[in-house]
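In what follows, a single structure is set out as structure tokens and then discussed.
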Ligand SMILES: [Zn+2]
């Protein structure tokens, strides 16, 4: 594990390399933040939004939590969404899950307790909602993968029905919501093709 000293050294080297390759890079960022993407992803350490997308500082506003969910009563998550849509004017919200998600597995197995259990309770409900489809799959890995996908699709549905998003669409703001999923096995993103671009799913 890199110690604190090593992390600061790596940071200095990164800042130096950025200045060398793009003079004025930090000066440009200081006075403006105009990201076109809001990324809602899992807190999992293996799914870093910027690195896997190639998006650079200033290009993506990020919210991460366990199992990338967007509870309507979570002030943190909803405030991020409101700021991104109303103030930053992002053009695209990506909900990105990942296969092998521990939060989703805990919901699948009904194992999580305490605060984590409370947090993923909506995924437990989703599991129940799709119980027969999941039971038709042969292995737990397949059921886990499918529930990871269903969870992303469900979050896109919840987002598209939130007041912030509906208000943005009603005033004509161009705003797409996409459902993506990432594979830790090969580092690739997959589009789940459930994009929403307006109240009627344009
Ligand atoms: Zn996860």
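The values are calculated or read from the model by the stated rules, or taken from the named source; none is laboratory data. The structure presented is a predicted model; accordingly, all values stated were derived computationally and were not measured. Quick reminder, even Gly has a Cβ in these numbers, built from the backbone with ideal geometry, and neighbours come from all protein chains shown.
Residues in region 99-123 that are away from the ligand (no atom under 11 Å from the Cβ) and more than 15 Å from residue 155 (Cβ to Cβ): 108, 109, 110, 111, 112, 113, 114, 115, 116, 117, 118.
Residue check: residue 80 meets all listed conditions (1) more than 16 Å from the ligand (Cβ to nearest atom); (2) outside any helix (DSSP H, G or I); (3) in contact with a strand residue (DSSP E or B) (Cβ under 6 Å, 6 or more places away or on another chain) but one, namely (2). Exactly one residue out of 57, 35, 48, 23 is farther than 21 Å from residue 176 by Cβ and touching a helix residue (DSSP H, G or I) at 6+ places or on another chain (Cβ under 8 Å): that is 57. Filtered by the rule that a residue be over 12 Å from the mean Cα position of the chain (by Cα) and under 12 Å from residue 38 (Cα atoms), region 48-77 gives 55, 58, 59. Scan region 8-66 for residues that are away from the ligand (no atom under 16 Å from the Cβ), without any contact (Cβ under 8 Å) to a residue 24 or more places away in the chain, closer than 18 Å to residue 189 by Cβ and surrounded by 11 or more Cβ atoms within 10 Å (Cβ to Cβ) and the total you get is 3.
Do we have residue 89 as in contact (Cβ under 8 Å) with a residue 12 or more places away in the chain and under 17 Å from residue 160 (Cα atoms) here? Yes: the conditions hold for residue 89.
When region 158-172 is filtered for residues that are farther than 17 Å from residue 103 by Cβ and surrounded by 15 or more Cβ atoms within 10 Å (Cβ to Cβ), the ones remaining, listed by number, are 159, 160, 162, 164, 165, 168, 169. Counting the residues of region 92-149 that are in contact with a helix residue (DSSP H, G or I) (Cβ under 6 Å, 6 or more places away or on another chain) and surrounded by fewer than 13 Cβ atoms within 10 Å (Cβ to Cβ) gives 0. Against the condition touching a residue at least 12 places away in the same chain (Cβ under 8 Å) and in the same structural domain as residue 174 (by TED's automatic domain parsing), how does residue 124 come out, does it pass? Spelling it out, residue 124 is indeed touching a residue at least 12 places away in the same chain (Cβ under 8 Å) and in the same structural domain as residue 174 (by TED's automatic domain parsing). Could you tell me which residue of region 124-170 is nearest to residue 192 (Cα to Cα), considering only residues that are part of a loop (DSSP other than H, G, I, E, B) and modelled with pLDDT under 95? Within region 124-170, the match that is nearest to residue 192 (Cα to Cα) is 161. For region 136-187, a residue qualifies if it is in contact with a strand residue (DSSP E or B) (Cβ under 7 Å, 6 or more places away or on another chain) and without any contact (Cβ under 8 Å) to a residue 60 or more places away in the chain, and the qualifying residues are 148, 149, 153, 160.
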